[in-house]
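Presented below is the structure to which this report refers.
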Amino acid sequence: MRDAEQPVLGPVAQGLELRPWRAADAAALVAAAGDPAIRKWNLLTVADLTAAELRIARMGERWRAGTGAVWALAPVDGGDVVGLAGWNDVDLAGGSAEIVYWLLPPARGRGLAVPAVERLTRWAFDDLGLHRLRLCHSVSNEPSCRVAGKAGYAYEGTMRGALLHEDGWHDQHLHAVVRGDVWNRHCSSAG
């Protein structure tokens, strides 16, 4: 990752692609941090445009350090960002990472999360050579549980008191896919 520019991945679905975040996208991060649903399930705190621009700069730093890879989900034609998807806790030596994602209100209910997760899964296996990918979510976040299953991430168990959300500690479901298992079905169907 250090020696390469972060790629644009797409098209993903419905004229959208995954592209690196830009400073000009700061307003989308501010909007996301202000959205009650995103705030409820994600650890996203961005107070203003300056804080958002700093966060976007840190995304680039994490890419160069090989510890994270976060994309904006946006129209191929250059329109406004509608979501975020990427990898946290990238461990290149250990072959693992955790996927994260959210969608702004206008993008919800359009079937966009699953193809974004599938595209990033394919990239993590094929381009990064990772072995094990995980998706974690609050046990109360049923939409993310559906995304995990539809994207081929097998449910592995519940981690008790695993993440502090705004309203307190939440148990989390752990879903994962390992190179060569369920992913083969999705790799062949995704083209």
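The values are calculated or read from the model by the stated rules, or taken from the named source; none is laboratory data. What you see is a predicted model; the values in this text were computed from it and never measured. Neighbour counts are summed over all protein chains in view; Cβ atoms, including those assigned to glycine, are modelled from backbone coordinates with ideal geometry. Protein only, heavy atoms only, side chains kept; ligands, DNA and RNA dropped before computing areas. Shrake-Rupley method; radii C 1.70, N 1.55, O 1.52, S 1.80 Å.
Overall, region 1-89 carries a charge dipole of about 260 debye about its Cα centre when +1 sits on the Cβ of Lys and Arg and -1 on the Cβ of Asp and Glu, all other atoms neutral. Annotation for Asp80 and Ser140: the two label points, set 7 Å from Cα along the Cα-Cβ direction, are 2.9 nm apart.
The relative contact order of the chain comes to 17 percent, based on Cα pairs under 8 Å that sit 6 or more residues apart. Taking amide H positions as modeled 1.01 Å from N, with prolines and chain starts lacking one, the residues under 5 Å from Glu17 and 5 or more places away or on another chain are Val12, Ala74, Val76.
The slack between Ala47 and Ala24, meaning 0.36 nm per residue of separation minus the straight C-alpha distance, is 6.7 nm.
In region 51-191, what percent of the accessible surface is made up of carbon and sulfur (1.4 Å probe, ligands and nucleic acids excluded)? Of the solvent-accessible surface of region 51-191, carbon and sulfur hold 51 percent. Treating each Cα of the chain as an identical point scatterer and ignoring solvent, apply the Debye formula and state log10 I(q)/I(0) at q = 0.08, 0.18 Å⁻¹. Here log10 of I(q) over I(0) equals -0.24, -1.37.
Look at the dipole of the chain built from charges on Cβ: of Ala124, Pro20, Leu103, the Cα furthest out on the positive end belongs to Ala124. Exposed loop sites here are GluC sites (Glu not before Pro) assigned a DSSP state other than H, G, I, E or B and surrounded by at most 12 other beta carbons within 10 Å; excluding them, the longest clear run of the chain is 6-165. Taking amide H as placed 1.01 Å from N in the peptide plane, the amide H of Ala162 sits under 5 Å from that of His170, Asp171, Gln172, each at least 5 places away or on another chain.
Remark: spin-label model distance Asp181-Ala37 equals 3.0 nm, labels positioned 7 Å along the Cα→Cβ axis. Derived scalar couplings between HN and Hα for region 40-51 equal 5, 9, 10, 8, 10, 10, 9, 7, 7, 4, 4, 5 Hz in order, rounded to whole Hz, by the Karplus curve 6.51 cos²θ - 1.76 cosθ + 1.60 (θ = phi - 60°), x for Gly and Pro.
Distance from the Cα centroid of region 163-180 to that of region 55-107 is 18 Å (rounded to whole angstrom). Over the Cα atoms of region 51-140, the radius of gyration divided by the Kirkwood radius equals 0.97; this is the Rg/Rh ratio. Couplings for region 58-75, taken from phi via the Karplus curve 6.51 cos²θ - 1.76 cosθ + 1.60 with θ = phi - 60°, read 5, 4, x, 5, 5, 4, 5, 7, x, 10, x, 8, 10, 10, 8, 8, 8, x Hz in order; Gly and Pro are left as x. Would you calculate, for the chain, the mean residue ellipticity at 222 nm contributed by helices, counting each DSSP H stretch of 4 or more residues as -39,500 (n - 2.57) and dividing by all residues, to the nearest 500? Mean residue ellipticity at 222 nm (helix-derived): -10000 deg cm²/dmol.
The calculated FRET efficiency for Ala93 paired with Leu54, based on their beta-carbon distance and R0 = 25 Å, is about 0.35.
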